[in-house]
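**Q** Below: one structure in structure tokens.
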Amino acid sequence: MRAGTAWVKSSYSGTEGGNCVEVAAGCGVVHMRDSKDPRAGALALPAASWAAFVGYAARQTAR
């Protein structure tokens, strides 16, 4: 992961910290980290796996 990577946090997370993840898109990969402890490291997922996860989560909340 490059220095200066643009991390994005969900607009649903609010401003009080809470339990949220941040994501950053890379070349064919999505990095994910804990917003409360960004120095702890990041998990790298293939972009297709991230898309499948987001699709699944969206279908579950639409029920």
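**Q** Starting from the eigenvalues of the Cα gyration tensor, five times each then square-rooted, give me the equivalent ellipsoid semi-axes of the chain, largest first, whole Å.
**A** Values: eigenvalues 78, 62, 15 Å².
Three semi-axes, in Å: 20, 18, 9.
**Q** Moving to a separate point now. Could you list Ser11, Ser49, Ser35 so that the one with the fewest beta carbons within 10 Å of its beta carbon is first and the one with the most is last?
**A** Listing Ser11, Ser49, Ser35 from fewest to most nearby Cβ atoms yields Ser11, Ser49, Ser35.
Every read-out reported here was derived from the displayed coordinates using simple, explicitly stated rules and does not represent laboratory data. What you see is a predicted model, and the numbers here were worked out from it, not measured in a lab. Here the Cβ is made from the backbone with ideal geometry for all residues, glycine too, and neighbour counts use every protein chain on show.
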